[in-house]
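Some notes on the structure that comes next.
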Amino acid sequence: MGGVEDEEPALKRMKVSSKGLGGLSNGSCSVEPVGGSSSDLMARPLSSEGDGEVVGSRGVIKREEFVRIITKALYSLGYKKSGARLEEESGIPLHSTVVNLFMQQILDGHWDESIVTLNKIGLTDENVLRAASFLILEQKFFELLDGEKVMDALKTLRTEITPLSTDSSRIRQLSSCMLSPCGQVGSSKRDIVQVRTRSKLLEELQNLLPPTVLIPEKRLEHLVEQALILQREACLFHNSLDREMSLYSDHHCGKTQIPSRTLQILEAHDDEVWYVQFSHNGKYLASASNDRSAIIWEVDMNGGVSMKHKLSGHLKSVSSVSWSPNDQELLTCGVEEAVRRWDVSTGKCLQVYEKNGPGLVSCAWFPSGKYILSGLSDKSICMWDLDGKEVDSWKGQRTLKISDLEITSDGEHFLSICKENAILFFNKETKEERFIEAEQTITSFSLSKDSRFLLANLLNQEIHLWNLEGDPKLVGKYRSHKRTRFIVRSCFGGLKQSFIASGSEDSQVYIWHRNSGDLVEALPGHSGAVNCVSWNPANPHMLASASDDRTIRIWGLKRLNVKYPPNLLRTNGVHYCNGGAELR
């Protein structure tokens, strides 16, 4: 793409000065049987002393906890006999006698007895004890009301619930049930009573009491999921669906999950290709070129890419494109010229957006699909409706002459490079301005799909990852690609956007693992600088790259056995640079 100097024409071949610009657990609950051993095990942390009290090679798993969690899982899965047998054979009860008694009293509705038993469990946190008592007495109150025992319910509210004083607003709500048959709008008194069954009450108590007293529901499943997720996140090459993970062995993906094989070379442009971007649904790819055209490519069911429309009409080089939220329309931006809106199905130009004087340098869609945003060469930003009417504008140094432009997924903020080393994070409603400031000149940036993270390409050949939640924080750096003179763009991609990909002036595509920052692959193949890359959001195994060699490469898996027609798979010939031929 173009260079990044501030006061020069926005041409691809403009060099960038190294001195900068000078401007600046648990799921739903099912109640298992409350039988079990008669040993009186009180709720307390379990000892790990002694060789027989730990399992595993590292001595960190306490046997008693391990057995109780397995027993809990057996009961939850419906294997009641197996759960009871494990309790009997191991001599380790799932719950102590006092806890079993407490649970049975809750299910039987013996509220006063359950309060007494609750105080015998041995809870050390007085707040937990009071909160649990409140839940039990609240259930007692509701069931008394449901049985038309209004005076008994009133006595419970006054003498038992109110003294606990755990939630005054809730006490007022309970009082309203005494005064009106409708304690809540649209709900009868019986509806309120039926909001919580006794088993639901037991679930709420389970979430409130310490796990040493009542083991959380699905605890074993939660631990296993954690282990799988940690393995997945530690795997540099994980780029496949989670359902392919197995408990039978430790998880490890090979590089075969990374798109690193050239499947197609697209050669329809007549000059350097500066920009590529897949549509949101992954069914289309758009490219922009120095030849003053843009192309809409179609991705078929087998991953093959073919030209759908060549879009002509710009008077200058096309620097960028932007897909509408529904992927039915496309914006193309000429260099300091105009933005055009195209119908994807017909290839027809629907609208031209331009202003007298300043040229347009960037474009983006609002998530509603009803408005577009564009940066202008006078450093302002303009908002248009689809018919070309200017509906808002922000003057001053909101953008540079050559600038990326992004809008967050909620439509509330837009981002633009406003100074050589700063990105403006602007709330269009409140007019609040925040800035993401780097130590080096920022040459391009891109936003993650969830709008929580931002990638910034810097003059010093680094790519920085920023977390935008709260105050922006620098959370990652990626190095190894080459960028000395021109704009090179990067992107998020892969499954759950777990990777970072970037073009490079050394004709390669670079891929890093997003969390670790490790370089995963450097893909050779192009014969000129790679200006832009785009990862298919619907297919984690498809990547596109645009180059000065006038081609677009489609990358896929090495193990993928796909055959394409000969006219779709071609070899590179001459490398074109600055309009001239340069043999390599």
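For region 206-244 and region 128-156, compute the distance between their C-alpha centroids and round to whole Å. One Cα centre to the other: 37 Å.
Could you please put V276, V55 in sequence from largest to smallest accessible area, using a 1.4 Å probe? Kindly include the intermediate steps, with their values, before the conclusion.
Working: V276 5, V55 30 Å².
Result of the area sort, largest leading: V55, V276.
With viscosity 1.567 mPa s and temperature 4 °C, the Kirkwood radius over alpha carbon pairs of region 255-556 converts through Stokes-Einstein to a diffusion coefficient of 68 µm²/s. A Förster distance of 56 Å, applied to the separation of the beta-carbon atoms of M301 and L164, puts the FRET efficiency at 0.35.
Given 0.36 nm per residue, what is the gain on full extension from T197 to A522 after removing their alpha carbon distance, in nm?
On the way: separation 325, 0.36 × 325 = 117.00 nm, distance 5.92 nm.
Length gained between T197 and A522: 111.1 nm.
When the charge dipole of region 255-556 is built from unit charges on Cβ atoms (+1 for Lys and Arg, -1 for Asp and Glu) and taken about the Cα centre, the candidate among S320, N356, V533 whose Cα reaches farthest toward its positive end is V533.
Inter-part distance, region 462-506 to region 47-102, computed on C-alpha centroids, equals 48 Å.
Within 10 Å, count the other beta carbons around each residue, average over each peptide in 197-204, 279-286, 414-421, and list them highest first. Don't jump to the answer; show the numbers that get you there.
On the way: 197-204: 15.9, 279-286: 20.2, 414-421: 23.8.
Packing order, densest peptide first, comes out as 414-421, 279-286, 197-204.
In a simple Cβ point-charge model (Lys, Arg +1; Asp, Glu -1; nothing else charged), region 432-478 has a dipole of about 220 debye relative to its Cα centre.
The aspartates and glutamates whose alpha-carbon is closer than 13 Å to the alpha-carbon of K308, local same-chain residues fewer than 8 away aside, are E298, D300, D343. Where the alpha-carbon atoms of region 379-466 are placed on the principal axes, they occupy 41, 27, 23 Å, in descending order.
Per the 1.4 Å probe, what fraction of the accessible area of region 255-556, in percent, lies on carbon and sulfur atoms?
42
Using the Cα centre as the reference, give the magnitude of the dipole from point charges on the C-beta atoms of region 476-527 (Lys, Arg: +1; Asp, Glu: -1; all else neutral), rounded to the nearest 20 debye. Walk me through the numbers before you get to the answer.
Numbers: 8 positive and 4 negative charges, 48 e Å.
Dipole size: approximately 240 debye.
Put a dot 7 Å past the Cα of S409, heading toward its Cβ, do the same for E221, and the two dots end up 2.5 nm apart. Might you report the magnitude of the Cβ-based charge dipole of region 255-556 about its Cα centre, with Lys and Arg at +1 and Asp and Glu at -1, to the nearest 20 debye? With Lys and Arg at +1 and Asp and Glu at -1, about 260 debye.
Pairs over the 28 Å Cα-Cα cut-off, from the set K72/K155; K431/K496; K149/K200; K348/K370: K72/K155; K431/K496. A Förster radius of 45 Å, combined with the Cβ-Cβ distance separating F435 from N119, puts the computed FRET efficiency at roughly 0.20. Across region 300-310, coupling constants 3J(HN,Hα) worked out from phi with the 6.51/-1.76/1.60 Karplus curve, θ = phi - 60°, read 7, 4, 8, x, x, 10, 9, 6, 9, 9, 9 Hz, and Gly and Pro carry x. Under 5 Å between amide hydrogens, built in the peptide plane, is the criterion, and for W274 it picks out A288, S289, N290 among residues at least 5 positions away or on other chains. Heavy-atom accessible surface of K149, to the nearest 10 Å², is about 110 Å², with a 1.4 Å probe and all protein chains retained.
Taken along the Cα-to-beta-carbon direction at a fixed 7 Å, the label points for R85 and K389 span 7.6 nm. Applying 0.36 nm per residue to the separation of S480 and N281 and subtracting their alpha-carbon distance, the gain on full extension is 68.5 nm.
In this structure, the amide hydrogen of S362, modeled 1.01 Å from its nitrogen in the peptide plane, lies closer than 5 angstrom to those of G375, counting only residues at least 5 positions away or on a different chain.
Kindly state, to the nearest 0.05, the FRET efficiency for L350 paired with S246, given R0 = 60 Å and r defined as their beta-carbon distance.
Working: r = 50 Å, r/R0 = 0.84.
Result of the calculation: an efficiency of 0.75.
Here the Karplus curve 6.51 cos²θ - 1.76 cosθ + 1.60, taken at θ = phi - 60°, turns the phi angles of region 108-121 into couplings of 8, x, 8, 5, 5, 5, 5, 5, 4, 5, 4, 6, 9, 5 Hz, with x standing for Gly and Pro.
The values are calculated or read from the model by the stated rules, or taken from the named source; none is laboratory data. Keep in mind that what you see is a predicted model, and the values were worked out from it rather than measured. For neighbour counting, all protein chains shown are included, and Cβ atoms are generated from backbone atoms with ideal geometry for every residue, glycine included. Surface accessibility is based on the protein's heavy atoms, side chains included, excluding ligands, DNA and RNA. Shrake-Rupley method; radii C 1.70, N 1.55, O 1.52, S 1.80 Å.
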